[in-house]
Amino acid sequence: MSFTKEIARRRTFGIISHPDAGKTTLTEKLLLFGGAIQEAGAVKSHKIKKGATSDFMEIERQRGISVATSVLAFNYQNKKINILDTPGHKDFAEDTFRTLTAVDSVIVVIDVAKGVEEQTEKLVEVCRMRNIPMIVFINKLDREGKDAFDLLDEVEQKLGLKVCPLSFPIGMGYDFQGIYNLWEQNIRLFSEDNKQRISETLEFKDLAHSDLDKHIGEKAATTLREEIELVTEVYPNFDKQAYADGTLQPVFFGSALNNFGVKELLDCFIEIAPPPRPKASEERLVVPEEEKFSGFVFKIHANMDPKHRDRLAFIKIVSGTFKRNTPYLHVRHNKKLKFSSPNAFFAEKKEIVEESFPGDIVGLHDTGNFKIGDTLTEGEKIHFRGIPSFSPEHFRYINNADPMKSKQLAKGIDQLMDEGVAQLFVLEINNRKAIGTVGALQFEVIQYRLEHEYGASCSYENLNVHKACWVDPEDDTNDEYKEFLRVKSKFLARDKQEQLVYLADSMFSLQMTQQKYPSIRLHATSEF
Ligand code: G4P
């Protein structure tokens, strides 16, 4: 197959949702349709179970599962589909944000009863800012939930999307009969006795036809006709370009658990979802069809076996063909590296590959060369943008609890930060190290992993910080900036890239500081 055909057939995407909306179930059903797995229950949910937050075996088990499900690839109708795993748990939100830099589109799963939830709002906002094409799947239609129109309103208002329903439910919960597919203009009905089975698919180009009453009953037929009339009046027609530009979002209804509406979603997805998209670098826009290979690291996973402390760096291929045993430039280190056993992912297995194409993810064994955001190329010095750090929510000083192991501790902290587990800040005033995390759970994970993987032990000390803001002065020679550096010296730190960060101890002091020093911009992310 030609290089351009290989690119054109790839669909790399992520499924995002609030925990429990049905992401794992939907992923599994997509794999079942793709023939990549044979039975339900094969994809393990790696969500952190409630109450299990201090059970370290549980955390290790989750890490094991999340390696296995990092990339789930399968072929469907001659398309190569790569699903990138995005943890739903809010403590791992940063992992998800980073993975979103490697997807070409997303599917947003919403629970019909719960509607738009907090985590979905945050993740969709990131996708919206990057104009990532999104399809919305409203799940659990077999349960009583919100009215379909109310939900569509909620999706528009809370998520700031412009929706375009491509399917519509016939009833809901107990009365759920099936789905009208506006995309293919047909109706799929549940079999009455067994809601796991589609009893029939009926072509329905004209809903006015009296046959509709025979199939779903007079009352449901009248309601459906009214609803579809309203849908076509109120919502815009589907426009593939608008979807690809991230300005229009098609919506599907269904029940992942019951296999309902999933095939409709998948069939539409492979037709409309974009192949690998061009990616901006600091220097220029890189297009997938370029002959020369380039890619970037969006995730690093430590080996679970403490005896083999290598890590797996996940690279998204942006352009060209990645080949095994070929020297590539590690741009940040300015040195060439060769990879003898790059991994490709298929369903839940990984295997060594000879070559991979744009859109694909390869896993490279790494002994500490990579950190998140690193670029690999055939020689050109480009830096891919768009993997910012966000201000952590929790901060603590980290102390060495075993003076004999300070080297191990330093190495452990260094590597865990490269993996993106947390962020390290070194205070300007006393050189003390502070760690910032998105969730409180990470502190325990870090302590545990330092001990088990690096033989180091640490203790924490409270640090009263509300937000970390990256400091961006308009003029770094003016008196205002000099005064800021002097007055706020107690609250200044450097991140791992040596960027200056202001650690505000409260929302109030952040606002006051911003007012007092208007020429200094304080950013909530490291990329501005
Ligand atoms: P997540 O990955 O988004 O966190 O959600 P997951 O797929 O694990 O689904 C969360 C719960 O919702 C699961 O139930 C799952 O079976 C259920 N679920 C998913 N899709 C549907 C659906 O279409 N209809 C209904 N009624 N339920 C659905 P659980 O009891 O938490 O777990 P399990 O014991 O069933 O695995």
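The values are calculated or read from the model by the stated rules, or taken from the named source; none is laboratory data. This structure is a prediction, so every number in the text was calculated from the model and none was measured. FYI the Cβ positions are ideal-geometry reconstructions off the backbone, even for glycines, and counts take in every protein chain you see.
Numbers at a glance
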item: The stretch 245-264, residues that are part of a strand (DSSP E or B) and either within 14 Å of the ligand (Cβ to nearest atom) or small (Gly, Ala, Ser) (or both); result: Phe252, Phe253, Ser255, Phe260
item: Qualifying residue in the stretch 99-118 (condition: assigned to a helix (DSSP H, G or I) and touching a residue at least 24 places away in the same chain (Cβ under 8 Å)); result: yes
item: Single match in Glu184, Glu192, Glu154 (criterion: at pLDDT 85 or above and within 25 Å of Ala256 (Cβ to Cβ)); result: Glu154
item: Exclusive hit being away from the ligand (no atom under 16 Å from the Cβ), among the polar types (S, T, N, Q) and either within 23 Å of Val438 (Cβ to Cβ) or at pLDDT below 90 (or both), set Thr86, Thr101; result: Thr101
item: Residues of the stretch 376-427 classified as modelled with pLDDT of 95 or more, of a type in the set (Lys, Arg) and touching a helix residue (DSSP H, G or I) at 6+ places or on another chain (Cβ under 9 Å), total; result: 1
item: Residues of the stretch 443-474 that turn out to be in contact (Cβ under 8 Å) with a residue 24 or more places away in the chain and in a helix (DSSP H, G or I), as a count; result: 10
item: All positions within the stretch 11-36 that are more than 13 Å from the ligand (Cβ to nearest atom) and either assigned to a strand (DSSP E or B) or at pLDDT 90 or above (or both); result: Arg11, Thr12, Phe13
item: All positions within the stretch 200-213 that are surrounded by 14 or more Cβ atoms within 10 Å (Cβ to Cβ) and at pLDDT below 80; result: Thr201, Leu202, Phe204
item: Criterion violated by Leu329 - all others in (1) touching a strand residue (DSSP E or B) at 6+ places or on another chain (Cβ under 7 Å); (2) modelled with pLDDT of 95 or more; (3) farther than 21 Å from Leu100 by Cα; (4) in a loop (DSSP other than H, G, I, E, B) satisfied; result: (4)
item: Residue in the stretch 215-228 that is within 16 Å of the ligand (Cβ to nearest atom), modelled with pLDDT of 90 or more and either surrounded by 13 or more Cβ atoms within 10 Å (Cβ to Cβ) or assigned to a strand (DSSP E or B) (or both) present; result: no
item: Gly145 closer than 13 Å to Ala21 by Cβ, of a type in the set (Gly, Ala, Ser), within 14 Å of the ligand (Cβ to nearest atom) and in contact with a helix residue (DSSP H, G or I) (Cβ under 9 Å, 6 or more places away or on another chain); result: yes
item: Residue ID - nearest to the ligand (Cβ to nearest atom), chosen from residues in the stretch 123-142 that are among the hydrophobic types (A, V, I, L, M, F, W, C) and in a helix (DSSP H, G or I); result: Leu123
item: Cβ pairs under 7 Å, 6+ apart, first in the stretch 374-393 and within 30 Å of Asn464 (Cβ to Cβ), second at pLDDT below 95 and surrounded by fewer than 17 Cβ atoms within 10 Å (Cβ to Cβ); result: Pro388/Thr525; Pro388/Glu527; Ser389/Thr525; Phe390/Ala524; Phe390/Thr525; Ser391/Ala524
item: Selection from the stretch 356-393 of residues that are closer than 28 Å to Gln408 by Cβ, out of contact with any Ser or Thr (no Cβ under 7 Å at 6 or more places or on another chain) and not acidic (Asp, Glu); result: Gly363, Leu364, Thr367, Gly368, Asn369, Phe370, Lys371, Ile372, Gly373
item: The stretch 450-487, subset more than 25 Å from Ser526 (Cα to Cα) and in contact with a helix residue (DSSP H, G or I) (Cβ under 6 Å, 6 or more places away or on another chain), residue surrounded by the fewest Cβ atoms within 10 Å (Cβ to Cβ); result: Gly455
item: Enumeration of residues in the stretch 396-431 that are more than 30 Å from the chain's Cα centre (by Cα) and surrounded by fewer than 15 Cβ atoms within 10 Å (Cβ to Cβ); result: Asn399, Asp402, Pro403, Met404, Ser406, Lys407, Ile429, Asn430, Asn431
item: Residue, surrounded by the fewest Cβ atoms within 10 Å (Cβ to Cβ), within the stretch 158-186, restricted to residues that are aromatic (Phe, Trp, Tyr) and more than 19 Å from Met134 (Cα to Cα); result: Tyr174
item: Val106 at negative phi and buried (at least 22 other Cβ atoms within 10 Å of the Cβ); result: yes
item: Boolean, Thr120 is buried (at least 24 other Cβ atoms within 10 Å of the Cβ), modelled with pLDDT under 95 and either under 25 Å from Ile81 (Cα atoms) or more than 10 Å from the ligand (Cβ to nearest atom) (or both); result: yes
item: Residue count, the stretch 148-157 (criterion: away from the ligand (no atom under 16 Å from the Cβ) and within 22 Å of Lys29 (Cβ to Cβ)); result: 1
